[in-house]
Amino acid sequence: MDLWCERRERSKCATIQERLEALGLRINVAKTQAYSGYELEAAARQIEHSAADHSLDDLEDPGPLEELLEQIIAKPTESARTTIKFVISRIIRHEFYKNVQRIVDVTPRMPHAADAVADLIRISGHWRKLGAWYVEYAESTWGRMKWSVYQMAHSFPAEETATKKVRDFLARKLEEQSLPSFMLPLVAHRLSQWMPDDARELFREVAQKTEHPFELRALAYAGLACGVGRSDVRKWLGEFPESDVVLKFLTARNFRPPKAVSYMWDGTGTTH
């Protein structure tokens with residue numbers, strides 16, 4: 001297959017060379033590549049990204065980056081995830097936060113990049129204005145895409161308390177057991193930091209109703225962080241053999257809660 005593709009590309013380059021020679025022009029076939037379809041789009045995107053980086057780093061000119069941003073805002077559903085993440089990473093690196101709200105306005109229409117947008121909202125501090133917005137978004141038609149709702153919840157850092165509207169919404173969803181399982185660890189952790197006294201009782205109530213070992217492990221970790229007693233944690237982790245290793249781990253630590261890993265921006269568009 002690779003050999004066939006290589007021959008096809010050589011044929012394209014030869015055709016281009018023949019056409020140019022008829023005009024008295026020559027190209028170096030060894031340095032020429034012919035693209036079509038998705039390959040052409042990817043190559044053009046890479047050129048756009050390189051131009052934006054050059055203007056920012058060498059010329060201190062945000063113009064090309066702003067042009068890419070305008071393209072995203074004009075067609076958010078059609079914008080490639082790689083381009084959105086590229087633009088957001090440069091906005092964060094250079095602290096160009098004046099357009100954050102414009103990005104938020106089109107966020108529901110680009111759920112494929114919700115994780116990148118959440119990084120931008122959290123790091124820029126814009127999350128403080130978006131409590132009501134997040135709840136409305138999560139309960140809208142767009143909220144049916146649970147992955148993006150989960151990612152957008154990362155907009156709210158554990159180190160500072162989210163608005164009451166966000167706290168009440170997430171606590172209610174946890175109590176109702178209407179969260180997807182993969183979202184429960186994040187929600188439990190945030191509630192344990194934002195409202196530890198209320199979270200302890202809530203976790204005990206939810207643990208009595210849940211029958212999933214993954215969810216009980218999440219409640220155990222978050223519960224230890226907000227003062228749930230080790231007897232409760234032992235009970236939750238003892239219900240399923242899948243949790244034995246976690247119980248042994250915490251026992252060896254004398255039930256000291258392990259520190260949650262924070263999101264750390266490395267300036268390239270990657271969070272850890």
Peptides ranked, highest mean first, by Cβ atoms within 10 Å: ranges 254-260, 219-225, 100-106: 219-225, 100-106, 254-260
Residue-count net charge about Thr163 - beta-carbon cut-off 10 Å; Lys, Arg +1, Asp, Glu -1: +4
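Quick check: net charge around Pro76, other residues with Cβ under 12 Å of its Cβ, Lys/Arg +1 and Asp/Glu -1?
Working: positive: Lys75, Arg81, Arg102, Arg109; negative: Glu70, Glu78, Asp105.
The answer is +1.
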Distance from segment 195-267 to segment 166-181 (C-alpha centre basis), Å: 17
Ser178 versus Lys259: modelled label distance in nm, points set 7 Å from Cα along the beta carbon direction: 3.7
Taking only Cα atoms of segment 86-144, radius of gyration then Dmax in Å: 11.2, 34
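Read-outs throughout are calculated quantities, based only on the coordinates presented, and are distinct from any laboratory measurement. Predicted model, so just to flag it, every value in this text is computed and none were measured. Don't worry about glycine lacking a Cβ; one is built from the backbone with ideal geometry, like all the others, and counts go over all protein chains shown.
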